[in-house]
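Asker: I'd like to ask you about the structure that follows.
The values are calculated or read from the model by the stated rules, or taken from the named source; none is laboratory data. Keep in mind that this is a model prediction, so the values were computed, not measured. Virtual Cβ from ideal backbone geometry, glycine too; neighbours counted across all protein chains shown.
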């Protein structure tokens, strides 16, 4: 019984830790979008998240650390939940429609979070790439997009019959328009322009 209680306590602590990190991330994103990165302080983030400053420094050393660590976990959760909901709502959607729906989710989340958060994401990603001590991130959520490209190829709809290359080209387009949007400081509608752009890219891969 003591062993079971110990395991339960460890699980509870782990859950609390993740919940605290999620609250800090959501608070940071909200404040950065509302008032800008430069004006957002750690004190404001902890107050918004209802977390003490001491607890903040147990997990992070700066506001950049919050975005660096949590963004991809939050993105994976967002994509998994919303893509699952899309498939459930539109079970007869074509493979092309599913590819576009999946690809648009990262753009939608980016638009919701704001261009400054996206800029921080790209900056932290490049910093990790330059630092040989960091392992490159394994974005398992992208396996879904790879599988969809394989299905498109199985239906003989890919022009080059190379699903991995098609995946790379499409996802590079997703990241490219995100970077362009962030670089322009959100000067265009990412979702509307992104949908038109990715539709054109996808049609090009199929022609």
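Asker: If I filter the stretch 172-195 down to residues being part of a helix (DSSP H, G or I) and surrounded by fewer than 12 Cβ atoms within 10 Å (Cβ to Cβ), which single residue comes out as modelled with the highest pLDDT?
Answerer: So, considering only residues that are part of a helix (DSSP H, G or I) and surrounded by fewer than 12 Cβ atoms within 10 Å (Cβ to Cβ), the one modelled with the highest pLDDT is 192.
Asker: Is there a residue being under 15 Å from the mean Cα position of the chain (by Cα), surrounded by fewer than 20 Cβ atoms within 10 Å (Cβ to Cβ) and assigned by TED's automatic domain parsing to the domain that holds residue 70 anywhere in the stretch 160-168?
Answerer: There is no residue in the stretch 160-168 that is under 15 Å from the mean Cα position of the chain (by Cα), surrounded by fewer than 20 Cβ atoms within 10 Å (Cβ to Cβ) and assigned by TED's automatic domain parsing to the domain that holds residue 70.
Asker: Separate question: Any residue that is at negative phi, crowded, with 17+ Cβ neighbours inside 10 Å and within 19 Å of the chain's Cα centre (by Cα) - is there at least one of those in the stretch 131-138?
Answerer: no
Asker: It is to be established whether one or more residues within the stretch 106-127 are over 19 Å from residue 180 (Cβ atoms) and modelled with pLDDT of 95 or more.
Answerer: no
Asker: Among the helices (runs of 4 or more DSSP H) lying completely within the stretch 1-114, list those that include at least 2 residues that are surrounded by 13 or more Cβ atoms within 10 Å (Cβ to Cβ) and assigned by TED's automatic domain parsing to the domain that holds residue 174.
Answerer: The helices (runs of 4 or more DSSP H) meeting that bar are 63-89, 95-113.
Asker: Do we find that residue 149 is at pLDDT 95 or above, closer than 22 Å to residue 75 by Cα and more than 19 Å from the chain's Cα centre (by Cα) in this structure?
Answerer: So residue 149 passes the test.
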